[in-house]
Structure formats: structure tokens, C-alpha cells
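The values are calculated or read from the model by the stated rules, or taken from the named source; none is laboratory data. Given the structure is predicted, the values throughout are model-derived calculations rather than measurements. In this analysis, Cβ positions are derived from the backbone assuming ideal geometry, glycine residues included, and neighbour counts consider all displayed protein chains.
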Amino acid sequence: MQLEQFVSQAWDIGPAEVLVRRIEISEIAPGSTLTAAPSMGAALTSGEHATWKSLDSSSSRQHEWLLGRLALKDVVRTWASERGQQLEPRDIEIHIDDEGAPFARCAALSAVGGSPVISLTHNSGVVVAAAADPGALIGIDIEYVNRRIDVVARALSAPEQAFVAAEVASVLDLLVAKEAATKALGVGLGGGVSRWPVVAVTSVPQGLIVEVTSITDLGLVLPVLVLHPLDTVLGICYVAPDTDAA
């Protein structure tokens, strides 16, 4: 593997303003020649490498952490390439803020207005990273359609239960929308399913637009595009820079 190559694959899905890339975990299994290659570790900065090595290698945590960093670096590099900036993975450092949201730092991108905003999600089979222009809101979430949703269903409000009863949206659609919306605000759902009410669901050609009310910014309603690729439910919350969601 050469450093200039991408570990992830481009995923042409969602709003045109959002870049999305994915890694199929089954194709990069722990202990494979790809993950063991020296160039994989070389994709990390010294600080990232130290964090990676400090994680428990006997569990899946170290492997998942690495794939998440590589997916985020790939999507930032793709965004930069579209603006004439050719970057290596080590040119980008991924950090996590106090709320657990990822953000990128890259000195070279100051020439194009700074680093893009980014978001990351994964389940047991895939890692997905997204990027959008600085100043935008972006949040993504993905779940398998067979995820257990009993507890979530009991936490839905009466209006949300009505959406489900009318088959306008599934419980999982609403959960993924809430997760994506909270990630866009950089706070995460944190188990508070009932605290982020869905106020509207609209069918569109691609899937659904689910509108989620923010509890951190009163009056803000976040639109989430909910899609159903293969056997998953994918939510993408995107609000353009300098645009009010509602």
C-alpha cells in the first residue's frame, strides 16, 4: 500500500455538498497484510500512532480506531483534492473534542479556508466518514436494519409513535435521524432518545427527510436525509454554512 492510495472507497450517496467514503470492515480484517503493512502505521501522525498503540490490541477497539482515522483522513484528502490540494495522510491530524466529535487539523488547508467539517459512523460491517465545507453542519449515522429497537421504541414520543404506526417512518429511521442530527451539532445522542423530538417526516425520491428539533439550540430544526442502502439505514444531516436550519 502506498501512502497516496485510499483505504476507503468513494460512496456516491446523499447531498451533493457532502463527500462520503466507506470502508468494508470484512475486506480489512485484523491481522491482514493491509492492516499490518508498515505504510498503514505511517498514515498516522506521531501523536495518533501513540494513541493507536496504547489501545488494547487483543480487542477490536484498536482495529476500529485505526479504520476510523483512515476513513476520516481519506475523506479530508478527497475534499482537499477537489480544491487543488494534494495531501498525504500524515498531513492531517484527527482530534476528538470534549463532546467526542472528530475534527481535522491540517496547516496546508489554511490556503483554502481551513479544514472541512467531518463526521464518522460505523457498525460491525462498515466504517463511513463524511466531510463538508468549513462552517457547515454535518452528522452521519448508520445501522443495520436488524438492530434491536425495543428500548428505542418505548422511548418515542406520541407523535413519533404515530409516524411509525402510519408507516411513514420506522423506529430505526427515527433513531438514525436523531443520531445524525446530534452529531451535526457535535454533541451526540448520549442515550437521550426522547430529548430530541422528530417533528416532521417527508418522503422524497431518495428516501425520507426527517426533521429533528435541537434541545441545545432552541428553535433549531435539523433536516436529516434518511436512506436505505442495502441492508442498512443511513442518516445524513447537512446544513450549509451560514444557513439557518429553521
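The figures follow:
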quantity	calculated
Verdict on Ala104 being under 16 Å from the mean Cα position of the chain (by Cα) and within 22 Å of Ala177 (Cα to Cα)	no
Search result, residues across segment 185-239 that are at pLDDT 95 or above, buried (at least 18 other Cβ atoms within 10 Å of the Cβ) and small (Gly, Ala, Ser)	Gly207, Gly235
Condition check for Val198: out of contact with any Ser or Thr (no Cβ under 7 Å at 6 or more places or on another chain) and either assigned by TED's automatic domain parsing to the domain that holds Arg148 or farther than 14 Å from Ser157 by Cβ (or both)	yes
Single unsatisfied condition, Leu175 versus (1) more than 18 Å from the chain's Cα centre (by Cα); (2) modelled with pLDDT of 90 or more; (3) in a helix (DSSP H, G or I)	(1)
Close pairs (8 angstrom Cβ cut-off, 6 or more residues apart or separate chains): free of Cβ contacts under 8 Å to residues at least 60 places away in the same chain and under 18 Å from Leu225 (Cβ atoms) in segment 161-178, among the acidic types (Asp, Glu) and in a helix (DSSP H, G or I) anywhere	Leu174/Glu160
Filter pass, Ser124 being surrounded by fewer than 18 Cβ atoms within 10 Å (Cβ to Cβ), in the same structural domain as Leu222 (by TED's automatic domain parsing) and more than 24 Å from Asp91 (Cα to Cα)	no
Residue within segment 147-167 that is among the hydrophobic types (A, V, I, L, M, F, W, C), under 18 Å from the mean Cα position of the chain (by Cα) and within 22 Å of Asn123 (Cα to Cα) present	no
